[in-house]
Amino acid sequence: MDEIELKNPSVEEEQDTPLDQNVRLMSPTQMLLRRFFRSKLSILGLIMVVGLFIFCFLGPVFYTRWGETDLDKSGKTEYATSETTYTVDGVTYTLRQTTETHLVDNFLSAPSVEHPLGTDDQGYDVLARLMYGGRVSLLVSFMTVFLLTVFGVLMGGIAGYFGGAVDNIIMRICDVLMCLPGIPILLILSAAMDGWVSLDMIEENMRIYILMLFLTFISWPGTARLVRGQILSLREQEYMVAAEAMGYSVSRKIFKHLVPNVMPQLIVQMSLSLGSMILYEATLSYLNMGIKAPYTAWGSMINIITTNPNILQNHLYVWVPAGVCIVVAVLGFNFVGDGLRDALDPKSRR
């Protein structure tokens, strides 16, 4: 009898079919983006931040009618004419005298076609200064956060990896810097810079950059403590033991194996710190310690209400747009930071 070999076609098809045809694998970046864009607040924050950058950096390219330092001195002089009639030897004479009665200028002019957001008390176009002032506020904030993050990662990585006396010295330095009263010292430094400007030692528009550099100097301990705490827990992991056995250098172990594992927390902290730095810059400019005329920033545009109380009540178009931009920037960065924090959380299942 001939042997008949029975085969199960379904089993053969299952064995011949690759498993990856039915399974879709996602990279860590795709998973991060998917979690981030699932949050409506994250999308809203991203739209707010991108919109501000487009407005501040691309706006002046299209709005070329007025620049940051252009004064609108155009005006209309009104005249009054008076006539005096008198008679001399039977002859009547009429004397006409024209006097200047009022000068109508474009200072604190309401929004119009010529000035979509009006002008301030010195004749500057509010819309143009809103764009250029946003460049200063955003760039200063980004520079400050970047510098304090780099310095904090460097000091925190060294303290967490070496420990012992090195850790104690760096942490004591952090304790001292965190105890310094930031605003009073900034007030003293700003008063000293008034003398430097009068002696032509520094330029007026460099004032805010020096102040924010000092703010970076006293703000890096928070980042250093975060990095140190993470590295203390990571340096005992198996991959670090393997790196030690391979004889890698100290710099490679810190910046190639330890710091990249702290980057998710750093990214979240940086995004949240941007909002705080914008508020710092606005506060310094509002206290007249930042950019001064003819240059501007969002905070200095609000400072105008301290010099002329009438503007606070009757000319909202001069200072309200700058306040709205500050609120939008802070909320946008906070929404993005919250979205990144949730997306980078390994326990998140959203």
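The values are calculated or read from the model by the stated rules, or taken from the named source; none is laboratory data. Since we're looking at a predicted model, the values are computed, not measured. Cβ sites come from the backbone with ideal geometry, for glycine too, and all protein chains shown count toward neighbours.
Within the set of pairs 6+ apart or on separate chains, which have a first residue in the range 234-251 that is touching a residue at least 12 places away in the same chain (Cβ under 8 Å), a second that is in a helix (DSSP H, G or I) and surrounded by 13 or more Cβ atoms within 10 Å (Cβ to Cβ), and C-beta atoms under 6 Å apart?
Leu234/Leu258; Leu234/Asn261; Ala243/Lys253; Ala243/His257
Looking at this structure, is Leu266 under 15 Å from the mean Cα position of the chain (by Cα) and either closer than 30 Å to Val50 by Cβ or of a type in the set (Lys, Arg) (or both)?
So Leu266 fails the test.
Go through the range 277-286 and report how many residues are surrounded by fewer than 19 Cβ atoms within 10 Å (Cβ to Cβ) and either farther than 16 Å from Leu139 by Cβ or over 10 Å from the mean Cα position of the chain (by Cα) (or both). First the steps, then the outcome.
Here is the first cut: in the range 277-286, the residues surrounded by fewer than 19 Cβ atoms within 10 Å (Cβ to Cβ) are 279, 283.
Narrowing further to those that are either farther than 16 Å from Leu139 by Cβ or over 10 Å from the mean Cα position of the chain (by Cα) (or both): 283.
Qualifying residue count for the region: 1.
Of the conditions (1) among the aliphatic types (A, V, I, L, M); (2) touching a Pro at 6+ places or on another chain (Cβ under 7 Å); (3) farther than 30 Å from Glu68 by Cα, Ile158 fails just one. Which one is it?
Among (1) among the aliphatic types (A, V, I, L, M); (2) touching a Pro at 6+ places or on another chain (Cβ under 7 Å); (3) farther than 30 Å from Glu68 by Cα, Ile158 violates only (2).
Based on what the data block shows, is Glu68 part of a strand (DSSP E or B), touching a Lys or Arg at 6+ places or on another chain (Cβ under 7 Å), charged (D, E, K, R) and at pLDDT 70 or above?
no
Going through the range 143-179 one residue at a time, which ones are touching a Lys or Arg at 6+ places or on another chain (Cβ under 7 Å) and among the hydrophobic types (A, V, I, L, M, F, W, C)?
Ala159, Cys174
Residue pairs, Cβ under 6 Å, 6 or more apart or interchain, first in the range 114-138 and touching a residue at least 40 places away in the same chain (Cβ under 8 Å) and at positive phi, second assigned to a helix (DSSP H, G or I) and of a type outside the set (S, T, N, Q). List them.
Sorted first by the residue in the range 114-138, then by its partner, the pairs are Gly118/Val126; Gly118/Tyr317.
Is it true that some residue in the range 296-307 is polar (S, T, N, Q), surrounded by fewer than 17 Cβ atoms within 10 Å (Cβ to Cβ) and either part of a helix (DSSP H, G or I) or at pLDDT 85 or above (or both)? If you could, list the steps in order and put the result at the bottom.
Here is the first cut: in the range 296-307, the ones polar (S, T, N, Q) are 296, 300, 303, 306-307.
Checking which are surrounded by fewer than 17 Cβ atoms within 10 Å (Cβ to Cβ) leaves us with 306-307.
Remaining after also requiring either part of a helix (DSSP H, G or I) or at pLDDT 85 or above (or both): 306-307.
Checked the range 296-307: at least one residue is polar (S, T, N, Q), surrounded by fewer than 17 Cβ atoms within 10 Å (Cβ to Cβ) and either part of a helix (DSSP H, G or I) or at pLDDT 85 or above (or both).
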